[in-house]
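Could you have a look at this structure, given as structure tokens, before my questions?
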Amino acid sequence: RSLLGMASQVWNADGLSQEDLMLKDQCILLDMNDNIIGYDNKYESHIFCPERPRAKLHRAFSVFLFDESGKLLLQQRAKEKITFPEVWTNTCCSHPLTGCVPPEEDSPEDVANGTVMGVKNAAVRKLKHELGIEASELPLEKFKFLTRMHYWAADVVTHGETAPLGEHEIDYILLIQTPVTLKPNPEEVMDTKYVSYMQLLREMQPESGLLWSPWFRIIALQFLGLWWEDLPKALTTDEFFDPKTIHRFDCSEEHMGGAGGAGPWLNMKGSEFGDQWLGQVAVNKGKAPKVPELKSLLQKDEEGKYRLEADE
């Protein structure tokens, strides 16, 4: 059973829309140090507002899947995605959930020894859901967990400067090198391609005109080149394994703002009290405070952009 008290079950997205999944899936809420403090659905975890300018910090994972020649598989998120649609990003990025079979929650001990079977189970689940890759092609022992990254970003590129949606995550970074068969889910992924490191650098230049996810941009600029330069070492040794550090980065300026007007914080080595939600968590002795649900205030206009209506 999950800590929510609900019976755990095998996750199934059959017949469910993006909206359905945002309401159904229960994210793992965290304090500043990646300790589990509670759970909430994807909508409530991702709503940026004056009371929670960076939403609720939650756990995530990012998979970087390489083919046998060392090229990285990228995906372009579908236009139907509610957050960060149509952006190019790494192979798969999503959230481990509570209440799943097999379980997707990891303890501090799991992080310290690098096993993190929870996020690996979540990665296999989502690689199947998004890209149609069968679990038989994704041996758990081939995944290499390297480190964690804490970042945030308002989706102002999609929803405008008062965007009520965005990401605030501690992201577990997983590498894997294995041949796979792709059958992309069009509701999740609109395009895929394998790239070399030099090709990626060219395509991330502004003149390419391509949109990139804020989390991938940070990982690509801060870490990826070093790992990719010696991929066998990154995958098979502990040379780059860093379970102790949670690397912290603000998003680039283009993703600041949103409905809560969030600005620089992590790059200034700010504490949890630099974020209203995490400050409340600390005052509440490490438990998620009970706050009003905001999903009912989300409204979508004719252009598909979300805004936060005032509570009457």
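The values are calculated or read from the model by the stated rules, or taken from the named source; none is laboratory data. Because the structure is predicted, anything quoted here is derived from the model rather than measured. For neighbour counting, all protein chains shown are included, and Cβ atoms are generated from backbone atoms with ideal geometry for every residue, glycine included. Areas reflect the complete protein model, heavy atoms only, side chains present, ligands, DNA and RNA absent. Shrake-Rupley method; radii C 1.70, N 1.55, O 1.52, S 1.80 Å.
Where is the GNM fluctuation largest for the chain (alpha-carbon springs, 10 angstrom cutoff): Asp250, Asp230, Asp40?
Greatest mean-square fluctuation among the candidates belongs to Asp230.
Now, a different point. For Trp212, what residues show an amide H to amide H distance below 5 Å, using hydrogens built from the backbone and excluding near sequence neighbours?
Here Trp88 satisfy the definition.
Continuing with the same structure: Quick one: ranking Val10, Val101, Val116 by accessible area, 1.4 Å probe, largest first, what do you get?
Val10, Val101, Val116
A further question on this structure: Using θ = phi - 60° and the Karplus relation 6.51 cos²θ - 1.76 cosθ + 1.60, list the HN-Hα couplings for the range 82-95 in order, rounded to whole Hz, with x at every Gly or Pro.
Using θ = phi - 60°, the values come out as 7, 10, 6, x, 6, 8, 7, 7, 5, 3, 7, 9, 7, 10 Hz.
Moving on to the next point. Might you report the magnitude of the Cβ-based charge dipole of the range 83-210 about its Cα centre, with Lys and Arg at +1 and Asp and Glu at -1, to the nearest 20 debye?
For this selection, approximately 440 debye.
At a Förster distance of 22 Å, what's the computed FRET efficiency of Tyr194 paired with Asp14, Cβ-Cβ distance as r, to 0.05? Please list the in-between numbers first.
Numbers: r = 29 Å, r/R0 = 1.31.
Efficiency computed from Cβ-Cβ geometry: 0.15.
Moving on to the next point. For the chain, with only Lys/Arg (+1) and Asp/Glu (-1) charged at the beta-carbon, what is the dipole magnitude about the Cα centre, in debye rounded to 20? Numbers along the way, then the final one.
Details: 33 positive and 49 negative charges, 101 e Å.
For this selection, approximately 480 debye.
Pop out the ³J(HN,Hα) list for the range 230-246 in order, Karplus 6.51 cos²θ - 1.76 cosθ + 1.60 with θ = phi - 60°, rounded to Hz; leave Gly and Pro as x.
So the Karplus estimates, Gly and Pro as x, are 9, 4, x, 5, 5, 7, 10, 10, 9, 4, 10, 6, 9, x, 8, 8, 9 Hz.
List the relative contact order of the range 86-195 as a percent without decimals, with contacts defined as Cα pairs under 8 Å and 6+ residues apart. Mind dumping the intermediate values first?
Working: 139 pairs, mean separation 25.6, N = 110.
Relative contact order comes out at 23 percent.
I've got another one for you. Need one value: the accessible area of Leu23 in square angstrom, 1.4 angstrom probe, rounded to the nearest 10.
It works out to around 80 Å².
Amide H of Trp11 versus every other amide H placed in the peptide plane: which residues, excluding those fewer than 5 positions away on the same chain, fall under 5 Å?
For Trp11, whose amide H was placed from the backbone, the distant partners under 5 Å are Val101.
Cβ neighbours within 10 Å, averaged per peptide: list 24-30, 149-155 in order, most packed at the top. Before the final figure, lay out the partial values.
Values: 24-30: 22.3, 149-155: 25.3.
Put in order of decreasing packing, that is 149-155, 24-30.
Looking at [x] 35; [y] 56; [z] 43, which value of percent of Cα pairs over 28 Å apart comes from a calculation on the structure shown?
[x]
Let me ask something else about it. Would you look at the GNM of the chain, springs on alpha carbons closer than 10 Å, and say which of Lys120, Lys128, Lys193 moves the most?
Between Lys120, Lys128, Lys193, it is Lys193 that shows the largest mean-square fluctuation.
Follow-up question, since we're still on this one. Considering the chain as a Gaussian network with a 10 Å cut-off on Cα pairs, which listed residue, Asp238, Asp106, Asp301, attains the greatest mean-square fluctuation?
Asp301
Figure the gain on full extension for Val291 and Ala135 (residue separation times 0.36 nm, minus the Cα-Cα span) and round it to one decimal in nm.
Details: separation 156, 0.36 × 156 = 56.16 nm, distance 3.81 nm.
Between Val291 and Ala135, full extension yields 52.4 nm more.
Counting only heavy atoms of the protein chains, get the accessible area per residue of the chain (1.4 Å probe) and round it to a whole Å² value. Please report the intermediate quantities before stating the final value.
Working: 13870 Å² over 312 residues.
Per residue, the chain has 44 Å² of solvent-accessible surface.
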